[in-house]
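First the structure, in the form of structure tokens, and then the observations on it.
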Amino acid sequence: IDDRYSFLPILNKRDLSKSATKVEYQVSIDTDKLIEGIQTIWFRAIDKTGSIGYFPLTVTVDHKTPTIEIQYPKDKSKIGNRFTLFGVAKDDVEMKHILLKIEGPGAYPKEHKVLMLPGNPYWSFNCQSDLPKLIDLSKLKDGPYKFTATAEDVAGNKKSTSITVVLDSELEKPTLNLTSVHKNDAFSSYLPLYGTVNDDDGVKEVIV
């Protein structure tokens with residue numbers, strides 16, 4: 001690993017032919033002892049006549065862990081039970097996957113894979129459509145739930161982040177504000193009705 005200045009013997013090898021013209025070898029390399037970045041590992045073979053052959057193996061050494069963040073919802077916030085998590089994950093090398101774990105009253109402990117787009121550090125996880133059909137977050141009990149997102153790169157480095165939110169099914173109900181009429185108002189001929197309706201899932205209709 002020092003640009004062919006010195007070599008270490010590979011002891012784990014065995015002959016694959018009676019004439020010893022073909023040998024199988026195996027070696028383990030502790031990448032923690034290699035310098036960060038692109039490294040060339042050289043292999044040298046010497047036959048019984050003294051002829052020498054070389055083979056280079058170029059690898060990318062990555063000791064840095066990914067960075068991952070859950071941007072929404074915020075930690076310790078109170079939200080409805082139908083929502084989408086948003087976050088960002090970055091790494092110097094290619095990302096292998098992002099896994100999400102949900103812990104809480106009646107939650108399914110299995111980790112769920114988050115859909116990632118190549119080259120896009122931003123990720124999202126819809127807690128209705130991205131969960132298996134057997135899991136319906138809207139049917140879980142109200143209370144605190146812990147969401148843990150773990151990013152792993154192709155080098156095996158991992159990084160986790162977590163938030164705890166309180167699910168409240170009442171927050172999923174639309175809120176209606178009647179602004180044209182107030183208590184004890186009097187009208188002689190017609191009654192004007194108008195106001196606002198808010199709901200993060202979209203308003204279907206208002207019935208009078």
Q.
When the residues of segment 162-179 are narrowed to those that are assigned to a loop (DSSP other than H, G, I, E, B), in contact with a strand residue (DSSP E or B) (Cβ under 6 Å, 6 or more places away or on another chain) and not hydroxyl-bearing (Ser, Thr, Tyr), which ends up farthest from TYR72 (Cα to Cα)?
A. PRO174
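Do we have TYR108 as more than 19 Å from PRO73 (Cβ to Cβ) and modelled with pLDDT under 80 here? Spell out the reasoning first.
On the way: more than 19 Å from PRO73 (Cβ to Cβ): yes; modelled with pLDDT under 80: yes.
Judged against the criteria, TYR108 is a match.
Please go through segment 28-53 and give me each residue that is among the aliphatic types (A, V, I, L, M), at pLDDT 90 or above and surrounded by 10 or more Cβ atoms within 10 Å (Cβ to Cβ), ordered by number. Steps first, please.
From segment 28-53, those among the aliphatic types (A, V, I, L, M) are 29, 34-35, 38, 41, 45-46, 52; that's our starting set.
Narrowing the set further to residues that are at pLDDT 90 or above leaves 41, 45-46, 52.
Those that are among the aliphatic types (A, V, I, L, M), at pLDDT 90 or above and surrounded by 10 or more Cβ atoms within 10 Å (Cβ to Cβ): ILE41, ALA45, ILE46.
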Q: Collect the residues in segment 54-64 that are modelled with pLDDT under 90 and open to solvent by less than 80 Å² (accessible area, probe 1.4 Å), keeping them in residue-number order.
A: VAL59, VAL61, ASP62, HIS63
Q. Does any residue in segment 62-78 that is without any contact (Cβ under 8 Å) to a residue 24 or more places away in the chain come within less than 8 Å, Cβ to Cβ, of a residue that is open to solvent by 80 Å² or more (accessible area, probe 1.4 Å) six or more places away or on a different chain, and which pairs are these?
A. GLN71/PHE86; TYR72/PHE86
Q.
When the residues of segment 117-140 are narrowed to those that are modelled with pLDDT of 90 or more and surrounded by 16 or more Cβ atoms within 10 Å (Cβ to Cβ), which ends up nearest to VAL154 (Cα to Cα)?
A. PRO121
Q. If you go through segment 4-61 one residue at a time, how many are touching a residue at least 40 places away in the same chain (Cβ under 8 Å) and farther than 29 Å from GLY156 by Cβ?
A. 0
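Looking at segment 101-116, which of its residues are in a loop (DSSP other than H, G, I, E, B) and open to solvent by 100 Å² or more (accessible area, probe 1.4 Å)? Lay out the reasoning, then the answer.
If we filter segment 101-116 for residues that are in a loop (DSSP other than H, G, I, E, B), which is where we start, we get 104-111, 114-116.
Passing the criteria: TYR108, LYS110, LEU115.
The values are calculated or read from the model by the stated rules, or taken from the named source; none is laboratory data. Everything quoted here is computed from the prediction, not taken from an experiment. Because the Cβ atoms are built from the backbone with ideal geometry, glycine has one as well, and the counts that use them run over all protein chains shown. Note: areas computed on protein heavy atoms with side chains; ligands, DNA, RNA excluded. Shrake-Rupley method; radii C 1.70, N 1.55, O 1.52, S 1.80 Å.
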